[in-house]
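Below is one structure, written out as C-alpha cells, with a few remarks after it.
The values are calculated or read from the model by the stated rules, or taken from the named source; none is laboratory data. Note that the structure is a prediction, hence the values are computed from the model and not measured. Methodologically, a virtual Cβ is constructed for each residue, glycine included, from the backbone with ideal geometry; neighbour enumeration extends over all protein chains shown. Note: areas computed on protein heavy atoms with side chains; ligands, DNA, RNA excluded. Shrake-Rupley method; radii C 1.70, N 1.55, O 1.52, S 1.80 Å.
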Amino acid sequence: MLAKRLLILAAIAAAVSTLSFAQNVPVTVDKYITSRSYDESGREIISVTTPVKPPSGYRAPAAEYTANAVVLAGVPAFSWSFGCSPTAASMGAGFYDNNGYPSAYTGPANGGVMPMNNSNWGSVVINGETRDLCPLSATMLNLDGRTTRGHVDDYWTLYNSSDPDPYIINGWAQHLHGDCLADFMGTNQSAVGSSDGSTTFFYYGDGSPIYDYSSSEPGARDGCHGMRLFYESRGITVVQNYTQLIYGNGGNTLGFTFAQYMNEIDNGRPVLIQVSGHTMLGYGYDETGSIVYLHDTWDYLDHSMVWGGEYAGMAQWGVTVLQLFAANAPPIANFSGTPNSILTGESVNFSDISAGNPTSWQWTFEGGTPSASSVENPVVSYFTPGVYDVTLVATNANGSDTETKSGYITVEDPDYCDASATCDEFIGTMNFNTISNTSSCGTNGYTDFTGISTTLTAGISYTISVTTSPWYTGDQCGAWVDWNQDLDFDDAGEYFPMSESSLSGTITPPSDALNGPTRLRVRLLYTGEIVPCGNVDWGETEDYTVNVINPESQKILNLTLMLEGLFDPTTQMMRKAGDESGPHFPGTVADQINVSLVQSAPPYSVVASSVNTALNQNGTCMASFSSALSGIYYLKINHRNSIESWSSTPVSFSGNSISYNFSDSPSKIYGNNSILKGGKYCLFGGDANQDGSVDTGDMTPIDNDASAFTSGYVVTDINGDGIVDTGDVTIVDNNGSAFVGSVHP
C-alpha cells in the first residue's frame, strides 16, 4: 500500500448535518444531464455537467472528527477558482505534490511546494465578478509568475456564459495546455461545450466504472480523462482513472461502494465526490455512520456528509477516482474479467492489470470454482446463479494492495420454458452435426443435455434425425433453436418440423442469428399439436447447446494445437478425453479449451475470450470473435490441466479469417515453451491446480486420486483416459522435474 498518511483525531461526535440553500428537496443529477448515448456493447453512457458556484452567504458547518475518524494529512483546502471540478482536482494534486509527487505543482510559491490554501494568490475582478485565484486550478497572465496568457485569459468571460471564448472572439492563439487542471479537464471551454464554471463528466448508467473515457472527443472533454492528461503532462504515471455511480443509485448493483471509498483513503488516495451539479474532494471517513470528510471548494474548513446522502441539498450520485503510481512503491491492485456476465457452467478469464509489477497474487472468487487462486491470470467457472464479488491482493517487494470489485460477476441460468411428458415412446438417439447422443427417457419426460454442444455456421444446412424407442404410428418430432437468444422459441424461423416417416429434417442458421451458445430443443410426442413448451401425454423433450458462428458479424480464428496429455504420436491425433463411461465429448471433440485475445502491450489485458471451445482430435479449433476487433493480439490458451500458453508474437485481426498453428514449430509458442512428441510441438500437461507451474501442488492431488482409484472427467486425469493412475503421475513427475511453467510477456 502507499504509505498511509493518516491523521486520527479524537473529538466529539461528527457534525454531519448539511443545510440546503434555497431548496426544499434534494437536487438530483437529472437536472445536470447533458447527453445520453450507447457504446458498442449497448451500455448507456451519460454525460453530466458540474456548474455550481459557491452559494451566496452559505457555509456548511465545520466537521468535528470522531475518535474513529481516518483522514489523510496534508490535503489542501482551496476556495472556488474558476470551477468546482478543477478546484477539487487541484486540492488532490496539491496533496500529491506534498506527498511524494513534487512535479504536480512547479510554481514559485511556498518554495515550489503547493500551499495548504490558495489565499496566497488573492482574487481578481473580471466583468464585475470577484473570483479567487489558484494557479493549479486555472492559470492567468501575471499570476504566480506567469508572463503569458493562461486559462482565465483565453476561456473566461462571466459565470455561466456560453459565449465563444475570448481567444475565439479576439482572434488570438490559445495558450498551450500545461500547468493547470482546468486546461486539461475542458472546464470553461466553449470549444468542448463547457459554459464558464462548468466541467463535464461521463459515466455508465448501469453503475459500472467508465475508464479514462475519450470517445466524446473532439466535441466534448471528459473531466476524468483530463485529470489523467494533466498528471501525465507532469511525468506522473496514472494507473487508472474512472467515474462511477455509487452503489444503489437508480437501483444499480454495480456501483462504487463506501467500502471501496475507504479502501482508496486507506491507500493514500483522495477521491472526487460528485453531487448534483458540484464536485468536492473526499479525504477521510468514519466507518461508523458512513461519514465522508471533505473539502467543498467553498472555504478552507473541513466538512462532512453521509455517504450516499446530500450536501447542501445536492444528492451524491457518484465518484471520480484517480490512482497514481510511484517508483519503489507497493503495487496498485487492479484486474479485469472477461466476460463478466455469463450463464451457469461458463468460465471467466481473469487478468491481473495491477501497476507496480507484482510478483505474487492472491485471488478470492465468491461463488467461483476455484474459490481462490495464486495464478496471475486464472480461469474461473461459475455453476450457481448469483452476483459475486472478486478480490485480488497484489504483492511486490514493497508491499501489497487489495482491490475488491463488488458484484463484478453476474451468473444467470438460461430460463427457458418447461417441457414434460409421460414417457412411453421417447428419444432413443439424436443425431445433429457432431452430436450423436443415445439416451433413455428422462425424468418426467425431459432431459437436459445442454452440456453437449455442436458448432454451426450461419447459412449452412445441417441434417437432424431422431430415432424412437419404441415407435408408434403417429409419433412426430420437431426442433427449435433460439437464434436471437431471447430465451424463448416463439420467433419466426426458430421452429424446424421433421418428417413423420423418418423423424428427420434440416436446420439452417439464418443470416441474422446471433453468435455464441444458444439452446436447441428437440421434442417427440404422440399426435396432437407439436409445441416447444408445456406438458403432453406421451413423448420426451431433450435440450442441447449449439454454438453459432455468423461470418457476417464475426471474425473466425482457426487454431491448430496439441495437448501433451492427449496426443498420441502413433496416430498423430489426440485421444478423446474420457469419463467413467467412455468419451466425455461427442463426435470428434477431444476436449475443450479457452481462447483469449490479449493486448499486445502492457498491461496485457484480455480484450475478448471464447470459452469452452471445442478442440478436435486432429488439433483443429475454431473460435469466433467480434468483427469490431481489428488490432494485433497475443493468443492465450488455457486448458483444464495444461500449462497456459501464449502465441510467440501478437497476431493481426485485420481480416475476417485468422489462422495460427501452435504445433508446427517451437517458435510458435511464447518462450519456445512446448514439448516435442512425434513431430508435433505440444502444450505441456500436468498443471492440475492451474497455478501456472507443474510441481508438488499438482502431484499431491493426483497421487491422492490415484490411490483412491478415482475415475471420470477430472482435472487430475492428465492423459484423459478416464482414470487417475501412474500414466498421469509420470507426466507430472517429468514436467515437474524439468521445472515446467507458464511463459508469457
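Anything in the stretch 152-173 that is over 20 Å from Pro54 (Cβ atoms) and buried (at least 19 other Cβ atoms within 10 Å of the Cβ)? List them, or say none. Those that are over 20 Å from Pro54 (Cβ atoms) and buried (at least 19 other Cβ atoms within 10 Å of the Cβ): Asp153, Asp154, Asp165. Going by the conditions given, is Ile549 over 22 Å from Ser627 (Cα atoms), open to solvent by less than 40 Å² (accessible area, probe 1.4 Å) and among the β-branched types (Val, Ile, Thr)? So Ile549 does not fit the description; no.
Mind checking which strands (runs of 3 or more DSSP E) fall wholly inside the stretch 385-439 and carry at least 2 residues that are closer than 30 Å to Gly539 by Cβ? It comes to 419-422, 427-432, 435-438. For beta carbons closer than 8 Å, sequence separation of 6+ or different chains, a first residue in the stretch 397-419 that is free of Cβ contacts under 8 Å to residues at least 60 places away in the same chain and open to solvent by 20 Å² or more (accessible area, probe 1.4 Å) and a second that is in a loop (DSSP other than H, G, I, E, B) and of a type outside the set (D, E, K, R), the qualifying pairs are Ala397/Thr359. Of the set (1) open to solvent by less than 30 Å² (accessible area, probe 1.4 Å); (2) assigned to a strand (DSSP E or B); (3) among the aromatic types (Phe, Trp, Tyr), all apply to Phe489 but (2). Among the residues making up the stretch 375-387, those that are out of contact with any Ser or Thr (no Cβ under 6 Å at 6 or more places or on another chain) and closer than 19 Å to Asn594 by Cβ are Val375, Glu376, Pro378, Val380, Tyr382. Let me confirm something: among Leu133, Leu143, which residue is without any contact (Cβ under 8 Å) to a residue 40 or more places away in the chain, within 22 Å of Gly186 (Cα to Cα) and either surrounded by fewer than 14 Cβ atoms within 10 Å (Cβ to Cβ) or not hydroxyl-bearing (Ser, Thr, Tyr) (or both)? After ruling out the rest, the residue left standing is Leu143.
Taking the criterion of being touching a Ser or Thr at 6+ places or on another chain (Cβ under 7 Å), in a strand (DSSP E or B) and surrounded by fewer than 17 Cβ atoms within 10 Å (Cβ to Cβ), the residues of the stretch 508-546 that qualify are Asn535, Asp537. Here Asp163, Asp179, Asp154 are screened, and the one residue that is assigned to a loop (DSSP other than H, G, I, E, B) and over 39 Å from the mean Cα position of the chain (by Cα) is Asp163. The residue of the stretch 357-383 that is surrounded by the most Cβ atoms within 10 Å (Cβ to Cβ), among those that are assigned to a loop (DSSP other than H, G, I, E, B) and in contact (Cβ under 8 Å) with a residue 60 or more places away in the chain, is Pro378.
Per the conditions (1) surrounded by fewer than 24 Cβ atoms within 10 Å (Cβ to Cβ); (2) modelled with pLDDT of 95 or more, the sole criterion not satisfied by Leu176 is (2).
Here is a yes/no grid of residues against (1) in contact (Cβ under 8 Å) with a residue 40 or more places away in the chain; (2) touching a strand residue (DSSP E or B) at 6+ places or on another chain (Cβ under 8 Å); (3) farther than 27 Å from Asp30 by Cα; (4) assigned to a loop (DSSP other than H, G, I, E, B):
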position	(1), (2), (3), (4)
Asp206	yes, yes, no, yes
Phe230	yes, no, yes, no
Val238	yes, yes, yes, no
Thr243	yes, yes, no, no
Leu254	yes, yes, no, yes
Ile273	yes, yes, no, no
Tyr283	yes, yes, no, no
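Given the criteria over 23 Å from Val481 (Cβ atoms), under 31 Å from the mean Cα position of the chain (by Cα) and of a type in the set (Val, Ile, Thr), does Thr570 qualify? No, not satisfied.
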